[in-house]
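Colleague: First the structure, then my questions, so here it is.
We did not get these values from a lab; they are worked out from the coordinates using the rules stated. What you see is a predicted model; the values in this text were computed from it and never measured. When we count neighbours, we look across all protein chains shown, and the Cβ atoms used for this are built from the backbone with ideal geometry, even at glycine.
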Amino acid sequence: MDEQLLPNVAPTGMREGQQLPFKWNKAKTDAVQLLAVDELTDEEIADQVGVRRKTLCDWKRRTEFAAALKEAVAQLGDVAQRVANTTSVPVLL
């Protein structure tokens, strides 16, 4: 279910403006990977993982999500660098 469909009411014991704990699920994990690859728009990624674009934008503002995205981008960069270092390019004489 899209989290944006839930009522905007703080659970008992929480102060207004306080965020619920960030819980990882398949949609969030998939969104991180798709964002890291940087080939789709936010709208396309949201559609692909089954949420609204606003929900994806909300996730991107969360510290936990942003940190995971930064790590995923770094890992992709490391892989690209290793591939570049091991790929031989024929030299034309």
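Colleague: Inside the stretch 15-44, can you point out the residues that are of a type in the set (Gly, Ala, Ser) and in a helix (DSSP H, G or I)?
Modeller: Residues satisfying the conditions are 27, 31, 36.
Colleague: Inside the stretch 50-71, can you point out the residues that are among the charged types (D, E, K, R) and either in a helix (DSSP H, G or I) or surrounded by 19 or more Cβ atoms within 10 Å (Cβ to Cβ) (or both)?
Modeller: 53, 54, 58, 60, 61, 64, 70, 71
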